[in-house]
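Derivation of every value follows stated rules applied to the coordinates shown; laboratory data play no part. Here the structure is a predicted model, which means the values were calculated and not measured.
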Amino acid sequence: MSAFELRIIIGAVGLIILGLMYYFGSKKPSHTRTEINDDELFQIEPEINDVEVKIETKPDRHTGERKIVTLFLHAKDGLQFDWHQIKDAAAKAGLEYGDDHLFYRYRRVGSDKRALFLVANMLKPGVFNPDLRTTGLVFIMTLPGEMNALDLWDTMFPVAKRMEELLDGSLTDENHSAFSRQRIASMREEMRNFENSLP
């Protein structure tokens, strides 16, 4: 998959994120909600090239359907994650920091390593740096990928849950709903259905 195609796919994630609302300011009451400026939100349009996402798809599946799966990890009300917290949690969760300033989970095949999914900053331009403070992270995987859909989900979701625990945040699905047992089961079924729909 070309970098241009990936930017188009990840651009869709930006549209999802545009609807998010966050809590800001450590002195604000917990019930006061403030919407982040659209200009602050992470969105990668086709013409923007500051972030080059390096998730590959299997060549023999390029003719099939494509799907983006996103999870969101929010900081608690009025709080933010800082760079050191994110970096330490990512290392403990098995993520690697890339040259493009995003975190990746890799699958190693011999001396080669291939990206399974990535973790970006919820605020644009989506990258991480040592001065970072952010209200959330977004986990992104594209299907079809280096593993079948259910295996990819079963790889990404536990990492996201581990990050939730380490950062003391709140993990939600693409609709910003918390994960119940039923929702987890429905996501796994969705992955199976996607896999079965491939040629």
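Stretched out fully, how many nm does the piece from Arg133 to Asp100 gain, at 0.36 nm a residue minus the Cα gap? List each step's numbers first, then the result.
Numbers: separation 33, 0.36 × 33 = 11.88 nm, distance 1.79 nm.
In short, 10.1 nm is gained.
Step through the residues of region 125-138 one at a time and calculate ³J(HN,Hα) from phi using the Karplus curve (6.51 cos²θ - 1.76 cosθ + 1.60, θ = phi - 60°), rounding each to whole Hz and writing x for Gly and Pro.
x, x, 9, 10, 8, x, 9, 5, 9, 9, 8, x, 10, 10
Shape of region 54-199 from its Cα gyration tensor (a ≥ b ≥ c, root eigenvalues): rounded if a/c is under 1.5, otherwise prolate when a/b > b/c, or oblate?
Taking the square roots of the gyration eigenvalues as a ≥ b ≥ c, region 54-199 is oblate.
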